[in-house]
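Written out below as structure tokens is the structure these notes cover.
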Amino acid sequence: MADPSIVKEWLDKADEDFRFAEANLWEGSEFFSQICFHFQQAAEKYLKAYIIGKGLAFDKVHDLVRLLKTCSAHESAFAGLKEDCILLNAAYIETRYPVHWPTSYTKETAEQAHAAALNIAKTVRDHLEN
């Protein structure tokens, strides 16, 4: 098990991204792609907090599905988060760079990203305690 203070740092950073995105969503901001990006960032940091907390080896990537595979190999409960990770993965590139495929970030998309990040956060916290 890693130093608990390092895991806490990762969780705190994840919580910052999550709360920032959530506050913007609840305040009625229409920057939906940026909100989704911050939910993706929160999810990435939550998964990395788990991986680091359990002392698992992983590649330093931003791909949530790859990070999830590392978590799932250690704890089967993570397997149920695959769709959440797929949804949030799109927000890593599409929200930050020009892309040559259609994208649409709406309030509904942001709400789905919120739910996905919340599921990931809850699963990480529940299984870090075990």
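Any read-out appearing in this document is the output of simple, stated calculations on the displayed coordinates, not a laboratory observation. All values reported here derive from a predicted model rather than from experimental measurement. Note: ideal-geometry Cβ built from the backbone for every residue, glycine included; neighbour counts use all protein chains shown.
Give the angle, between 0 and 90 degrees and rounded to the nearest 10, that separates the Cα long axis of helix 64-74 from the longest principal axis of the Cα atoms of the chain.
With both axes taken from Cα atoms, the answer is about 20 degrees.
May I ask which of Lys13/Lys48; Lys48/Lys107; Lys13/Lys107; Lys54/Lys122; Lys13/Lys54 have a Cα-Cα span longer than 21 Å here? Intermediate results must be reported in sequence, preceding the final value.
Values: Lys13/Lys48 11 Å; Lys48/Lys107 27 Å; Lys13/Lys107 24 Å; Lys54/Lys122 16 Å; Lys13/Lys54 18 Å.
Correct reply: Lys48/Lys107; Lys13/Lys107.
Under a 10 Å cutoff between Cα atoms, tell me which one of Ile51, Ile35, Ile86 has the largest fluctuation in the Gaussian network model of the chain.
Most flexible of the set in this elastic network: Ile86.
Taking 0.36 nm per residue of separation and subtracting the Cα-Cα distance, what length does fully extending Glu30 through Ser76 add?
Fully extending the segment from Glu30 to Ser76 adds 12.9 nm.
Using only Cα atoms, what is the ratio of the radius of gyration of the chain to 2.2 N^0.38 Å?
Here the answer is 1.02, to two decimals.
Tally Lys/Arg at +1 and Asp/Glu at -1 over every other residue whose Cβ is under 12 Å from the Cβ of Asn89; what's the total?
-3
In what sequence do Tyr50, Tyr105 fall when counting other Cβ within 10 Å, fewest first? Don't jump to the answer; show the numbers that get you there.
On the way: Tyr50 26, Tyr105 20.
Fewest-to-most Cβ neighbours within 10 Å comes out as Tyr105, Tyr50.
Return one number: the angle in degrees, 0 to 90 and rounded to the nearest 10, between the long axis of the Cα atoms of helix 107-128 and the longest principal axis of the Cα atoms of the chain.
The helix 107-128 is inclined about 10 degrees to the chain.
Counting trypsin sites (Lys or Arg not before Pro) as exposed when in a DSSP loop with at most 16 other beta carbons within 10 Å, what is the longest stretch of the chain free of them?
Looking at the chain, 1-59 is the longest stretch - no exposed trypsin sites (Lys or Arg not before Pro) with at most 16 other Cβ atoms within 10 Å.
Which of Asp15, Asp126, Asp59, Asp84 has the fewest other C-beta atoms within 10 Å, and how do the rest follow up to the most?
Fewest-to-most ranking of Asp15, Asp126, Asp59, Asp84: Asp59, Asp126, Asp15, Asp84.
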